1. Which of Gly110, Val48, Pro127 sits farthest toward the positive end of the charge dipole of the chain, with +1 on the Cβ of Lys and Arg and -1 on the Cβ of Asp and Glu?
2. Order these by the 10 Å Cβ neighbour count, fewest first: Val48, Val76, Val117.
3. Based on alpha-carbon positions alone, could you give the equivalent ellipsoid semi-axes of the range 38-176 from the gyration tensor, as √(5λ), descending, whole Å?
4. Once fully extended, how much extra length lies between Tyr24 and Met39, figured as 0.36 nm per residue of separation less the alpha-carbon to alpha-carbon distance?
5. Are there any GluC sites (Glu not before Pro) in the range 84-176 that are in a DSSP loop and have at most 12 other Cβ atoms within 10 Å? List them by number.
6. I need Arg50, Arg149 ordered by Cβ neighbour count within 10 Å, fewest first.
7. Using the number of other C-beta atoms within 10 angstrom as an exposure proxy, rank Lys159, Lys153, Lys8 with the fewest first.
Amino acid sequence: MEGIVYCKEPRRFPDDRGFFQEVYNGSRADPLPASMVQMNHSRSKKGVLRGMHWQMPNPTGKYVTCTQGRVLDVVVDIRKSSPTFKQWHGYELSEDVGQSLWVPEGFAHGFVTISPVADLVYLQTAPFSPEGDRCLKWNDPEIAIEWPRMLDKFIISEKDQAAPLLSELPTEALFD
């Protein structure tokens, strides 16, 4: 996954008022796409686990930044022909550091909030498509994501609780 998914440390310019940070600039976005078509904002309380999501057809890349709090952001390679197929990687994103995570097409994405509250803002390369919305079980034993143990319990939507295991997904729901 190295070189495909990556976490970008920002350049911040602090002063006595706070700080300034450029999160995204299409003219200097390499290796990101130069255009994003949708921006989303989610707020979650501690223990909320959202994921693992992607779109097929009409796949989308996501550029995720935590603007408040802290999350463990997780990606899973769901490209069948990839040498890292079924592997996952977690990145702690926080408002203190201000990192941004690039999640390209071909990866399932999710996160869990590890602070009292967290806000995530993310840009997408394609608009949300309800008919293409896909989900993978967050605790699939074949993938074995190591979610934080410091949380007493997770708060998970009915949709995410009912998500199929990777082995139950139709082949056309994954990437080649």
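1. Val48
2. Working: Val48 19, Val76 25, Val117 13.
Ranking Val48, Val76, Val117 by Cβ neighbours within 10 Å, fewest first, gives Val117, Val48, Val76.
3. Values: eigenvalues 102, 60, 38 Å².
After scaling each eigenvalue by five and taking roots: 23, 17, 14 Å.
4. On the way: separation 15, 0.36 × 15 = 5.40 nm, distance 1.17 nm.
Length difference between fully extended and current span is 4.2 nm.
5. On the way: sites: Glu92, Glu95, Glu105, Glu131, Glu142, Glu146, Glu158, Glu168, Glu172; in loops: Glu95, Glu105, Glu142, Glu146.
Loop-located and lightly packed - Glu142, Glu146.
6. Details: Arg50 20, Arg149 6.
Starting with the residue having the fewest Cβ neighbours, the order is Arg149, Arg50.
7. Numbers: Lys159 11, Lys153 7, Lys8 15.
Listed from fewest to most nearby Cβ atoms, that is Lys153, Lys159, Lys8.
Every number here is computed from the coordinates shown, using simple stated rules; none is lab data. Here the structure is a predicted model, which is why all the values come from computation and not from measurement. Cβ coordinates were reconstructed from backbone atoms using ideal geometry, including for glycine residues, and neighbour counts include every protein chain displayed.
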